[in-house]
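What follows is a short report on a single structure.
FYI, it's all coordinate maths here, none of it is from the lab. Model, not experiment: these values are computed from the prediction. Note: ideal-geometry Cβ built from the backbone for every residue, glycine included; neighbour counts use all protein chains shown.
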Amino acid sequence: MTSIKDNYYALIDIGSNTMRLVIYLPNEAGRFREVENVKAVARLRNHLTADGYLSDEGQTILIDTLKEFEDVLKIYPLKHFTVVATATVRQANNKATLVQAVKDQLGWDMQILSEEEEAFYGYLAIVNSTSLTEGVTVDMGGGSTEVTYFKDRKLIHAHSFSFGTLSLRHLYDENVSEADNLHTVKSYVKKAFSTLSWLEDLSVPIIAIGGSARNVAQIDQIDKDYPMAGLHQYPMLLKDLHRIKDHLLSLSNEKRMKVEGLSKDRADIILPAIMTFVTLYKHTHADRFVLSQKGLRDGINYELLFHKQEEPYSPNVLEDSFQELISDFDLDVKQAFQVQHLTREIFDSLVQHKIKGLTKKDWTLLRRASYVFNMGDYIDHESSAQHTFYLLSNRTIDGLSHREKLDLALVASFKNKTVFKQFVRPYKSWLTKTERKKLMLLGALLKFTYCLDGTKRHVIHNIDVNVKKKKILLTLAYTKNAAPEIYQAEKQKKHLEKALKRPVDLTFVKDTKDKE
């Protein structure tokens with residue numbers, strides 16, 4: 001009998017700037033988890049000759065790097081293995097020879113992705129890892145740049161430009177300043193973008209894929225002393241791109257290599273990339289620039305996952321993310337459903353009486369938080385709140401923005417007012433005072449309702465809520481022995497009282513219909 005650990009998936013991505021070997025394991029939630037990521041800066045693009053052939057030196061680098069990857073692969077029992085090549089190999093006049101060389105020396109079938117396939121996989125990665133329903137994707141590699149436009153999660157347009165960071169760098173005239181060279185780059189890419197009428201004035205987010213975009217986001221996070229870990233779905237504005245461009249332009253290449261967040265191997269090609277992003281941002285009248293950690297390789301994996309479906313994407317990205325959390329941290333879904341039932345009865349009454357600005361929309365957050373409340377118990381019960389907050393605020397949760405992750409983390413980790421303030425302190429500028437108070441109330445409410453099912457026996461099954469001017473009366477119907485829940489409810493209600501700024505009176509009533 002084979003276990004899930006015998007089912008490794010491996011993918012080699014032969015790009016124009018870098019080559020990568022990534023190894024994955026499918027998880028219980030039906031998604032892929034990355035277990036190994038090996039990168040080699042091959043810069044194959046620089047080994048394309050003037051007449052369009054990959055040179056002997058370039059071929060040697062290609063084969064030698066693949067043989068290094070082969071050594072890593074030997075320790076993994078593989079269920080599925082794919083080797084794909086993109087722009088440089090695609091554009092090489094001797095690509096058939098390259099495919100045969102890989103077959104002869106390694107026994108592998110190297111698949112050369114078409115321009116359409118490369119663009120499609122970038123789009124597929126975005127719609128399966130974010131909640132965005134409309135946007136422009138840009139995947140800038142060393143030898144090509146793919147752009148797509150999707151709406152209602154469906155691919156509308158796609159195009160691959162035959163320029164990338166390395167080929168744009170080749171436009172440089174070493175006799176003029178880098179600022180002048182960037183102006184040349186700007187004119188070149190602007191002319192290219194203008195050939196696509198569908199790309200103009202869209203006023204939607206740009207979602208950027210690839211190493212150059214990732215480096216830009218890393219630099220921005222460090223500049224801003226950003227308190228949250230993780231890059232996926234990190235948002236930036238045009239002014240941020242300009243600020244980073246101007247700063248890097250003021251530095252020599254040697255100093256640029258020491259900039260935190262910028263890989264040394266990208267120091268000489270990052271400015272053409274940023275200029276391309278700035279130009280595209282203006283051309284499309286984008287409303288923001290969003291970094292995606294998921295790209296081509298993920299798109300290929302998503303196609304594997306959803307190839308039997310009518311549409312090649314998940315019906316609900318966020319639901320899939322929560323299924324992963326439930327699986328990874330062994331969360332009790334039945335208890336979450338019971339807590340949701342009890343919480344909803346109190347919540348609806350508070351909304352109806354317009355208590356503390358709660359609205360029906362707040363239920364979405366409360367419902368999500370009920371699944372992951374105090375999931376840090378999985379690591380350590382004593383410090384559960386700390387672990388819960390750290391995990392939820394710093395883990396990538398596909399389908400949630402960084403702000404939405406913060407809201408979820410604050411509600412699901414609620415312990416008391418003091419700890420809440422400690423967690424929120426680095427993020428004060430993200431939230432208004434009113435928003436902080438509301439999140440604290442939602443957290444206190446969830447903490448209270450979780451204690452009503454503390455023994456996971458569902459003994460408290462109904463709550464009657466009576467909202468008075470100066471107090472709130474809760475009548476809780478129970479079956480069986482509810483002593484543990486009654487004790488915890490009386491103990492924990494103080495947090496709810498502080499958040500509501502009024503007393504909460506509890507009356508426990510034994511259900512007379514109970515046959516015990």
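Summary of computed values
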{"read-out": "Beta bridges per DSSP with both ends in the chain, % antiparallel, nearest 5", "value": "60 percent"}
{"read-out": "Order of ASP464, ASP104 - criterion: other Cβ atoms within 10 Å of each residue's Cβ, fewest first", "value": "ASP104, ASP464"}
{"read-out": "Pairwise FRET efficiency - LYS360 versus VAL35, Cβ, R0 = 41 Å, nearest 0.05", "value": "0.45"}
{"read-out": "Theoretical gain in end-to-end length, ASP268 to LEU249 [0.36 nm per residue, Cα-Cα removed]", "value": "5.8 nm"}
{"read-out": "Lys/Arg +1, Asp/Glu -1 at C-beta; the chain dipole; positive extreme among LEU62, ILE14, ILE326", "value": "ILE326"}
{"read-out": "Spatial separation of Cα centroids for the range 469-486 and the range 419-452, in angstrom", "value": "24 Å"}
{"read-out": "Nonlocal amide H pairs with ASP287, under 5 Å, H built at 1.01 Å", "value": "VAL204, ILE206"}
{"read-out": "Cα-centred dipole magnitude for the chain, charges only on beta-carbon of K, R (+1) and D, E (-1), debye, nearest 20", "value": "3320 debye"}
{"read-out": "Under 16 Å from the LYS334 label point (7 Å along Cα→beta-carbon), backbone N, the range 438-454", "value": "453-454"}
{"read-out": "Simple label model, 7 Å out from Cα along Cβ direction - LEU473 to ARG288, nm", "value": "4.6 nm"}
{"read-out": "Packing rank of 147-159, 81-93, 383-395, where each peptide gets the mean count of other beta carbons within 10 Å, highest leading", "value": "81-93, 383-395, 147-159"}
{"read-out": "Of LYS79/LYS405; LYS67/LYS190; LYS39/LYS245, those spanning more than 29 Å from alpha-carbon to alpha-carbon", "value": "LYS79/LYS405; LYS67/LYS190"}
{"read-out": "Net dipole in debye of the range 116-297 [+1 Lys, Arg Cβ; -1 Asp, Glu Cβ; about Cα centre; nearest 20]", "value": "240 debye"}
{"read-out": "Candidate aspartates and glutamates - alpha carbon under 16 Å from LYS494, same-chain residues fewer than 8 apart omitted", "value": "GLU485, ASP505"}
{"read-out": "Förster-model FRET efficiency, 25 Å R0, THR97 and SER162, C-beta, rounded to 0.05", "value": "0.75"}
{"read-out": "Order by protection proxy (mean Cβ within 10 Å, highest first), peptides 500-512, 240-252", "value": "240-252, 500-512"}
{"read-out": "Estimated FRET transfer efficiency when R0 is 30 angstrom, pair LYS428-ASP71 (beta carbons, to 0.05)", "value": "0.05"}
{"read-out": "Charged-residue dipole, Cβ positions (Lys, Arg, Asp, Glu), the range 320-510 about Cα centre, Debye nearest 20", "value": "1340 debye"}
{"read-out": "Residues in the range 272-297 that a label on HIS183 would reach, taking backbone N under 20 Å of a point 7 Å out along Cα→Cβ", "value": "272-280, 282-283"}
{"read-out": "Cut-off under 5 Å, modelled amide H: who pairs with GLN233 long-range", "value": "LEU291, SER292, GLN293"}
{"read-out": "The chain - mean residue ellipticity at 222 nm from DSSP helices (-39,500 (n - 2.57) per run, n ≥ 4, rounded to 500)", "value": "-14000 deg cm²/dmol"}
{"read-out": "Ascending count of other beta-carbon atoms within 10 Å, so fewest first, for GLU260, GLU310, GLU68, GLU303", "value": "GLU310, GLU260, GLU68, GLU303"}
{"read-out": "Net charge of Cβ neighbours under 14 Å - reference GLY52; Lys, Arg +1; Asp, Glu -1", "value": "+2"}
{"read-out": "Given charges at Cβ of Lys, Arg, Asp, Glu: the chain dipole, positive-most of THR130, ALA369, ILE472", "value": "ILE472"}
{"read-out": "Dipole of the chain, positive end: most advanced residue of LEU431, SER160, TYR76 [Cβ charges, Cα centre]", "value": "LEU431"}
{"read-out": "Cross-link pairs LYS74/LYS103; LYS264/LYS294; LYS447/LYS470; LYS468/LYS498; LYS361/LYS456; LYS258/LYS428 - those with Cα-Cα distance over 25 Å", "value": "LYS361/LYS456; LYS258/LYS428"}
{"read-out": "Crossing angle, helix 384-394 versus the chain [Cα axis fit, 0-90 degrees, rounded to tens]", "value": "30 degrees"}
{"read-out": "Sorted by Cβ neighbour density within 10 Å, fewest at the top, the residues HIS283, HIS170", "value": "HIS170, HIS283"}
